[in-house]
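S.K.: Here it is, the structure, as structure tokens.
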Amino acid sequence: MADLKRLYRELVSLEIELWNGIEARLRAEHDLPLTSFEVLHLLLRHPGPRIQDIAEEFSITVGGTSKVVDRLEAAGLCARRANPHDRRSSIVELTPEGRELVSGAVKVFEEELELRIGSVIPEHSVRELSEVLGTLRAAGRALDAESKAAGQPPVPGMRTAKQPGRPAS
């Protein structure tokens, strides 16, 4: 049987170590926390999202997302404007200062990814691992949605369909 507890520990530890290492360099070179970088980087790649869109992208709450955007807006790195398609929400955009900062920070981010991942495992392994992690995330989101729709927290062993990658019980 696969050692799922070890896999869990390795994934969580890797995420923490990557986060801490990348954040340390972003703070040192750009005075930018990784959380802020992630939001600014999203705004650079996908201009004009709503707070809800940002929250969904990072699997965090709308309230938490709003607080991050508030801090970035107060620092002059992004701005909210009325959503022309929905008056109940606003669109978040980079300011010129935010664009300049995140453009420089992206270089640091990419260098750290290369140093910490790309120089350690071959490109085909990066692709395979990305696919596997994407599959795990999709399955987890589906399980959470299924539980939410049923109005119940997830209960181990209650799935009726065979889970991808696992033998049916």
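The values are calculated or read from the model by the stated rules, or taken from the named source; none is laboratory data. Worth saying up front: this structure is predicted, and the values here are computed from it rather than measured. Note that we place each Cβ from the backbone using ideal geometry, even for glycine, and neighbour counts take in every protein chain shown. Side chains are part of the model used for accessible areas, which takes the heavy atoms of the whole protein and leaves out ligands, DNA and RNA. Shrake-Rupley method; radii C 1.70, N 1.55, O 1.52, S 1.80 Å.
S.K.: Take the alpha carbon atoms of region 86-159, find their center, do the same for region 1-50, and report the distance between the two centers in whole angstrom.
M.R.: Spelled out, the Cα-based centre of one part sits 9 Å from the other.
S.K.: Okay, which of region 9-31 sit inside 14 Å, backbone N to the point 7 Å along the Cα-Cβ direction of residue 143?
M.R.: 9
S.K.: So, taking all protein chains as they sit and a 1.4 Å probe, how much accessible area belongs to residue 116, in Å² rounded to tens?
M.R.: 100 Å²
S.K.: Bin width 10 Å, origin at 0, all Cα-Cα pairs of region 89-149: what percent of pairs per bin?
M.R.: Here the calculated profile for region 89-149 is 18, 23, 28, 29, 2.
S.K.: Order 73, 56, 38 by their accessible area, 1.4 angstrom probe, all chains in place, largest first. Mind showing how you got there, number by number?
M.R.: On the way: 73 65, 56 115, 38 45 Å².
In descending accessible area the options line up as 56, 73, 38.
S.K.: Computed over the Cα atoms of region 19-68, what is the ratio Rg over Rh, Rh following Kirkwood? Each step should come with its number before you reach the end.
M.R.: Values: Rg = 11.4 Å, Rh = 11.4 Å.
Taking Rh as the inverse mean 1/r over Cα pairs, Rg/Rh reads 1.00.
S.K.: How far apart, in nm, are the 7 Å Cα→Cβ label points at residue 106 and residue 7?
M.R.: Here the modelled spin labels are 3.4 nm apart.
S.K.: With every protein chain kept in the model, how would you rank 60, 117 by accessible area, 1.4 Å probe, largest at the top? Walk me through the numbers before you get to the answer.
M.R.: On the way: 60 80, 117 55 Å².
Ranked list, largest accessible area first: 60, 117.
S.K.: At a probe radius of 1.4 Å, what is the per-residue accessible area of residue 66, in Å² to the nearest 10?
M.R.: 30 Å²
S.K.: Let me ask you something else. With helices defined as uninterrupted DSSP H runs, which ones in the chain have an alpha carbon span along their own long axis of at least 24 Å and mean Kyte-Doolittle hydropathy of at least -1.0? Don't skip to the end; give the middle numbers.
M.R.: Details: long enough: 4-30 (38 Å, -0.37); 96-113 (26 Å, -0.24); 123-150 (41 Å, -0.27).
Helices passing the filter in the chain: 4-30, 96-113, 123-150.
S.K.: Would you please classify the overall shape of region 1-96 from the alpha carbon gyration tensor, given that a ≥ b ≥ c denote the square roots of the eigenvalues, rounded means a/c under 1.5, and beyond that prolate means a/b larger than b/c while oblate covers the rest? It would help to have the intermediate numbers written out before the result.
M.R.: Details: a/c = 3.16, a/b = 1.64, b/c = 1.93.
Cα axes put region 1-96 in the oblate bin.
S.K.: Moving to a separate point now. Beyond 23 Å, what share of the Cα-Cα pairs of the chain remains, rounded to the nearest whole percent? All intermediate terms of the calculation are to be shown ahead of the outcome.
M.R.: Working: 7688 of 14196 pairs.
When every Cα pair of the chain is considered, 54 percent fall beyond 23 Å.
S.K.: I've got another one for you. Taking the Cα centre of the chain as the origin and placing charges on Cβ (Lys, Arg +1; Asp, Glu -1), which of 140, 117, 13 is farthest toward the positive end of the dipole?
M.R.: Working it through, the farthest residue towards the positive pole turns out to be 140.
S.K.: Which whole-number percent is the relative contact order of the chain (Cα, under 8 Å, 6+ apart)? Please list the in-between numbers first.
M.R.: On the way: 116 pairs, mean separation 30.3, N = 169.
About 18 percent, as a whole number.
S.K.: How large is the charge dipole for the chain, taken about the Cα centre, if only the Cβ atoms of Lys, Arg (+1) and Asp, Glu (-1) carry charge, to the nearest 20 debye? Intermediate values should be presented prior to the final figure.
M.R.: Values: 23 positive and 26 negative charges, 159 e Å.
Charge dipole of the chain: 760 debye, to the nearest 20.
S.K.: Work out the FRET efficiency for residue 18 and residue 82 from their Cβ-Cβ distance, taking R0 = 35 Å, and round it to the nearest 0.05.
M.R.: 0.40
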